[in-house]
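For reference, the structure discussed in these notes is given below.
The values are calculated or read from the model by the stated rules, or taken from the named source; none is laboratory data. Not measured: the values here are computed from a predicted model. Here the Cβ positions follow ideal geometry from the backbone for every residue, glycine too, while neighbour counts run over all protein chains shown.
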Amino acid sequence: MIKGFNMSNKLVVIILLAMVMALTAVDAYANYPINQAFTAQYGLESTKLDRCTTCMSSTSAPASWNPFGIALRNDPDFNRNNPAQALQNIEQLDSDGDGFTNIDEIRNSTSPGDSDDSPVNPSDTQTPTSVPVGKNTLNTMFNVLATLAAVVMVSILVRKKKL
């Protein structure tokens with residue numbers, strides 16, 4: 001045993017880890033309403049744009065927004081639970097600076113937040129290509145499982161009256 005590191009210190013560490021895991025899982029779902037509204041508004045369910053990365057550069061903590069997500073979030077009409085108006089407001093912007101408007105990229109199933117993913121011709125409005133994409137990414141599933149494991153650990157400790 002490490003000198004000065006007793007059982008109560010271990011419990012504090014376990015509780016802190018459980019809290020961090022729980023917060024990470026909540027963070028993974030924080031932008032889910034935005035994704036749902038976006039895919040519904042543009043008919044993009046089960047396409048390559050039906051992902052958090054349409055607005056996010058990174059979904060791992062600390063999460064970060066890509067240029068499209070920043071434009072959306074900074075729009076005065078932005079509402080996390082109902083982003084429809086803000087999405088419409090930024091359609092004519094070129095958030096990623098690749099020479100194509102956000103709406104042209106959306107209609108062509110290219111990412112409006114990634115300058116390396118651009119339509120060949122902005123006047124072509126193709127039907128999005130479907131790809132199997134689930135709502136629960138592996139990262140999100142891991143966070144949920146880690147949170148459940150932490151809750152189980154804490155409940156076991158509580159039952160054994162160690163907390």
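Annotations
- Restricting Pro112, Pro62, Pro76 to residues that are part of a loop (DSSP other than H, G, I, E, B), of a type outside the set (Val, Ile, Thr), at pLDDT 95 or above and loosely packed, with under 14 Cβ neighbours inside 10 Å narrows the list to Pro76.
- Test result for Gln92, part of a helix (DSSP H, G or I) and either surrounded by fewer than 16 Cβ atoms within 10 Å (Cβ to Cβ) or without any contact (Cβ under 8 Å) to a residue 24 or more places away in the chain (or both): no
- Residues of region 30-56 classified as exposed (fewer than 15 other Cβ atoms within 10 Å of the Cβ) and closer than 21 Å to Asp96 by Cα, total: 1
- Residues that are among the hydrophobic types (A, V, I, L, M, F, W, C) and outside any helix (DSSP H, G or I), drawn from region 95-108: Phe100
- Enumeration of residues in region 49-108 that are within 18 Å of Ala37 (Cα to Cα) and among the small types (Gly, Ala, Ser): Gly69, Ala71, Ala84, Ala86
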